[in-house]
1. Name, by its number, the condition in (1) aliphatic (A, V, I, L, M); (2) closer than 19 Å to B:Ala217 by Cβ; (3) surrounded by 15 or more Cβ atoms within 10 Å (Cβ to Cβ) that does not hold for B:Ala73.
2. Test of understanding: among B:Ser314, B:Ser291, B:Ser353, which residue is within 14 Å of another protein chain (Cβ to nearest Cβ) and polar (S, T, N, Q)?
3. Please go through segment A:53-64 and pick out each residue that is surrounded by fewer than 23 Cβ atoms within 10 Å (Cβ to Cβ) and either without any contact (Cβ under 8 Å) to a residue 40 or more places away in the chain or more than 13 Å from every other protein chain (Cβ to nearest Cβ) (or both).
4. Out of B:Lys166, B:Lys196, B:Lys254, report the one residue that is out of contact with any Lys or Arg (no Cβ under 7 Å at 6 or more places or on another chain), modelled with pLDDT under 85 and not aromatic (Phe, Trp, Tyr).
5. Check every one of the strands (runs of 3 or more DSSP E) wholly within segment A:1-120 and list those with 2 or more residues that are among the aromatic types (Phe, Trp, Tyr).
6. Condition first: within 20 Å of B:Gln56 (Cβ to Cβ) and crowded, with 20+ Cβ neighbours inside 10 Å. Can you find one or more residues in segment B:138-156 that meet it?
7. Which residue, of A:Val201, A:Val160, is under 20 Å from A:Thr48 (Cβ atoms) and in contact (Cβ under 8 Å) with a residue 40 or more places away in the chain?
8. For the list (1) within 12 Å of chain B (Cβ to nearest Cβ); (2) surrounded by fewer than 18 Cβ atoms within 10 Å (Cβ to Cβ), I need the number of the one condition that A:Ser139 fails.
Amino acid sequence: MGNLIEIRDLAKVYTRGKQKVEVLHHINLDIAEGDFLALMGPSGSGKTTLLNLIGGLDTATAGSIGVGGQRIDQLGAGALAKWRAANVGFVFQFYNLMPMLSAQRNVELPLLLTKLSSSERRQRASIALQLVGLADRASHKPSELSGGQQQRVAIARAIVSDPTLLVCDEPTGDLDRQSAEDVLALLRTLNREHGKTIVMVTHDPKAAEYANHTLHLDKGTLVEQAVA
Amino acid sequence: MKYLHLIWAALFRRKTRTFLTLVSILTAFLLFGMLDGVRTSFANVGKSAAGAKRLQTGSKLSFIETLPQSLQARIAQVPGAEDVAYANWFGGAYQDPHNQVFSFAVSPNYIDIYPEVDVTPAERKAFDRTRTGVLVGDVLAAKYHWKVGDKLPLQSNIYPNRDGSKNWSFDIVGIIRATRPDDKQFLQGAVLMHWKYFDESNPYNRGRVGWYVTSVADAGQSDRVARAIDALSANSDHETKTMTEQAAMASWVKQMGDIGFIVVSIMGAVFFTLLLLTGNTMAQAVRERTSELAVLKTIGFSSRAVLALVLAESVLLVLLGGVIGLGLAALLGPIMSAGSGGMLNMPPVGAASWALGVGLMIAIGLLVGVLPAWRAMRLNIVDALAGR
């Protein structure tokens, strides 16, 4: 398979007051389509920054990022939002669900940006919830679900618009061991059976074991590449 | 419309806070509905077609100054004047000083000048021959369950009678009704007594009248007739000011205060407070949802879409409370009017008030939403997700 993501000489500098902090230094990285990559490294190493850049949430200071042949570093804010809606699913450590919406409505959220009818949106959200094993919890609000269930709803939301890429920032960081394993198994299924390319940031070596590859970042530089 | 559930859910994320804010908005627009009704009714005072054919003559100095009764015959001589009647304010209260009734001591021909109301010929005859007789408006009669033949005790808040007491006793001899059954006229809520009886029975105001009402043959000649009437008393100790009934009413109201200005001032203060209160609620609501708004942007909502969502939420909040408030005003107005027995004639909340009200709701909604919406639009996803 070809590369889905191609990163060249990527740098990111944050300005905090008068100080400039270079978080990423000239990163070069290719991620193959259908890969499951774990990004590891100590706090402040730049892994979440790299993930945000790959997911189009942040803009690079220098270098280029190509995803599926599209130079996302050249897109404006509006175009980048559209690109994210069509191509990327996001999973966060703290689930980031809308507390006032049911699981079904949360999953439907990305579909509001499409031209699908209300019944089509409902149907697709139901399929996504079924896929993560929560069809029977569709009407429940996040506060009525366990942490693991909430994360699975978040995964359903991430995959409902059928993106090619899933970016996951510490998806098991707030879960107990059993829930974490359930979530990781689900991610592996999405990768292996549904062909989703996954980039996951984690601190947990056990979580990284579910990935095909693990990359280590330290002080903004890729230091090591391991094959799981 | 597909975003409505999202806006609705965000609005009721904190139910108690939203409910309390809604109550404030509701109260403000209930007040607006009521006060705009008052403003409209004062603005429309005397705007009947017949009004242009009637002129009212009062003292040039003040509406509480009286005029000599002898002026009637001289006004009647003015070319174009058809009929001249006069009246005095009696200031009566029924049973309790709080139950004020519009009561006037009038000349025998007074009712003839108002073709929009009528009494039966028999009742008119009874009125003419009964010195203590009064005609009462049907709305007032219904309120206090008065009927022809009843004794009517009234307490004047100004005039004592011959005994020195302010308690007067009258006999109800007729009921004033609107000529057109579906019409509502001011005199339906009034009591008319004989000026002669009033004049002879109180020691203070012998031969004086409060104002004259002159019907003119041609409304187009009203200005000329008015000038001619005022010329009769020019340079005398009782100079007059004659104007159309509408202008006279407006002038009378103006002497009490500029109702329009008072209403606008009150509403201005209410809406300014509402602006601060709702603005604070919206700012707080959006601040609490920073990470949720960041998630919306993360999954592909554009900055403009987020701006529109927050503005829509703000407008919906004000519209909800405002429409309920105005609706309540529309319901309560007629109930209050009916309950007052014609003393208070609250007009229904008309299309103009609704249009102005809804316009205000949208404007307030946009105003209170614009700052939090702007902040939401400018939200940096990475910073917001990191809790910075």
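The values are calculated or read from the model by the stated rules, or taken from the named source; none is laboratory data. Keep in mind the model is a prediction, meaning the values are calculated, not measured. Positions of Cβ are backbone-derived with ideal geometry, glycine not excepted, and every protein chain shown enters the neighbour counts. The protein model used for the area step is the full one, side chains on, heavy atoms only, and it has no ligands, DNA or RNA in it. Shrake-Rupley method; radii C 1.70, N 1.55, O 1.52, S 1.80 Å.
1. All conditions pass for B:Ala73, except number (3).
2. On the way: B:Ser314 fails: within 14 Å of another protein chain (Cβ to nearest Cβ); B:Ser353 fails: within 14 Å of another protein chain (Cβ to nearest Cβ).
After applying the criteria, what remains is B:Ser291.
3. Pass one, segment A:53-64, residues surrounded by fewer than 23 Cβ atoms within 10 Å (Cβ to Cβ): A:58-64.
Answer for segment A:53-64, where residues must be surrounded by fewer than 23 Cβ atoms within 10 Å (Cβ to Cβ) and either without any contact (Cβ under 8 Å) to a residue 40 or more places away in the chain or more than 13 Å from every other protein chain (Cβ to nearest Cβ) (or both): A:Thr59, A:Thr61, A:Ala62, A:Gly63, A:Ser64.
4. On the way: B:Lys166 fails: modelled with pLDDT under 85; B:Lys196 fails: modelled with pLDDT under 85.
Within the list B:Lys166, B:Lys196, B:Lys254, the selection yields B:Lys254.
5. Numbers: elements: A:3-16, A:19-32, A:36-40, A:62-67, A:88-91.
Hits in segment A:1-120: none.
6. Step one: filter segment B:138-156 for residues within 20 Å of B:Gln56 (Cβ to Cβ), giving none.
No, the conditions are met nowhere in segment B:138-156.
7. Details: A:Val160 fails: under 20 Å from A:Thr48 (Cβ atoms).
Step by step, each of A:Val201, A:Val160 is checked, and only A:Val201 is under 20 Å from A:Thr48 (Cβ atoms) and in contact (Cβ under 8 Å) with a residue 40 or more places away in the chain.
8. The failed condition is (1).
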